[in-house]
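Q: Could you have a look at this structure, given as structure tokens, before my questions?
The values are calculated or read from the model by the stated rules, or taken from the named source; none is laboratory data. Being a predicted model, the structure only gives us computed values, none of them experimental. Quick reminder, even Gly has a Cβ in these numbers, built from the backbone with ideal geometry, and neighbours come from all protein chains shown. Please note that ligands, DNA and RNA were not included when accessible areas were found on the heavy atoms of the full protein model with its side chains. Shrake-Rupley method; radii C 1.70, N 1.55, O 1.52, S 1.80 Å.
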Amino acid sequence: PNLIQKNFERQTVVKLRETQSILTQAIKMAEEEYGEVPGWGITGPDVQSANLIFNNIKPFLKIALDCGFDDSKGRCMYPKNYKMLNGQTYIGNHAIGNYYKFLLLNGSGIWCRGDAAVYWSMVCYIDVNGKSQPNTIGKDLFDFHYSNGSIVPVGGPKDKRCNKNDSGWGCAWQVLHNQNMNYLH
């Protein structure tokens, strides 16, 4: 069991780094084509902004499946509520609503939208193994936001949510900065 867990963690680190790089490159190419993200006309966490984001980055991605705004059947992502690291259920409406959802050829499920806090920005969630288990925030689901031409991990050294007794949000930074998932132990 320990060897299986270590292998899962190692694969997750590699896949998350790879998927972040894929999204960052797509954003950089989209910015070369359409100008910087702040000028795209993103107005907030609405369907129009999510559609605009997807349409601008889509030509620069290798997409296996375009699930649009409704993935309640679970083609691109886990359609039910994710678990948090502390075992509680996270109640969210990610399968439907104002997130544009797609599956990359590398198997990562992604959903993005405009950001409510910074109206010209975006947030994206990456599930490194699509709809496959464990479907847990901080294990296979990670949060990112746009900043200065990149999609950057949420979290940091002082983010207390990334531990096994909390939600697991903000673990993207831990994984990519430390190149491990030691917070699970």
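Q: Go through the range 127-174 and give me each residue that's in a helix (DSSP H, G or I) and over 13 Å from the mean Cα position of the chain (by Cα).
A: Applying the first criterion (in a helix (DSSP H, G or I)) to the range 127-174 yields 171-174.
Within the range 127-174, just Q174 meets the criteria.
Q: Moving on to the next point. Those residues that are without any contact (Cβ under 8 Å) to a residue 24 or more places away in the chain and over 16 Å from Y99 (Cα atoms), I need them from the range 40-52; list them, please.
A: The one that is without any contact (Cβ under 8 Å) to a residue 24 or more places away in the chain and over 16 Å from Y99 (Cα atoms): G41.
Q: Is it true that some residue in the range 151-164 is open to solvent by less than 20 Å² (accessible area, probe 1.4 Å) and modelled with pLDDT of 95 or more? If you could, list the steps in order and put the result at the bottom.
A: Of the range 151-164, the ones open to solvent by less than 20 Å² (accessible area, probe 1.4 Å) are 151, 156, 162.
With the extra rule that they be modelled with pLDDT of 95 or more, the set shrinks to 162.
Looking for residues that are open to solvent by less than 20 Å² (accessible area, probe 1.4 Å) and modelled with pLDDT of 95 or more, one finds at least one in the range 151-164, hence yes.
Q: Give me the residue from the range 53-104 that is assigned to a strand (DSSP E or B), of a type in the set (A, V, I, L, M) and in contact (Cβ under 8 Å) with a residue 40 or more places away in the chain and, out of that set, least open to solvent (accessible area, probe 1.4 Å).
A: So the first thing to find is which residues in the range 53-104 are assigned to a strand (DSSP E or B), and the list is 63-68, 83, 89, 100-104.
From what is left, the residues that are of a type in the set (A, V, I, L, M) are 63-65, 103-104.
Checking which are in contact (Cβ under 8 Å) with a residue 40 or more places away in the chain leaves us with 63-64, 103-104.
Details: I63: 47, A64: 55, L103: 33, L104: 5 Å².
The selected residue is L104.
Q: Take T24 and decide whether it is part of a helix (DSSP H, G or I), of a type in the set (V, I, T) and either in contact (Cβ under 8 Å) with a residue 24 or more places away in the chain or on the phi > 0 side of the Ramachandran plot (or both).
A: Numbers: part of a helix (DSSP H, G or I): yes; of a type in the set (V, I, T): yes; either in contact (Cβ under 8 Å) with a residue 24 or more places away in the chain or on the phi > 0 side of the Ramachandran plot (or both): yes.
Here the answer is yes, as T24 does meet what is asked.
Q: Check the range 74-85 and report whether any residue there is over 24 Å from F8 (Cβ atoms) and either among the hydroxyl-bearing types (S, T, Y) or modelled with pLDDT under 95 (or both). Before you say what the answer is, go through the steps one by one.
A: Taking the range 74-85 first, the residues over 24 Å from F8 (Cβ atoms) are none.
Among the residues of the range 74-85, not one is over 24 Å from F8 (Cβ atoms) and either among the hydroxyl-bearing types (S, T, Y) or modelled with pLDDT under 95 (or both), which makes the answer no.
Q: Name the residues in the range 8-20 that are free of Cβ contacts under 8 Å to residues at least 12 places away in the same chain and open to solvent by less than 60 Å² (accessible area, probe 1.4 Å), would you?
A: Once the filter is applied, which keeps residues that are free of Cβ contacts under 8 Å to residues at least 12 places away in the same chain and open to solvent by less than 60 Å² (accessible area, probe 1.4 Å), the range 8-20 yields only F8.
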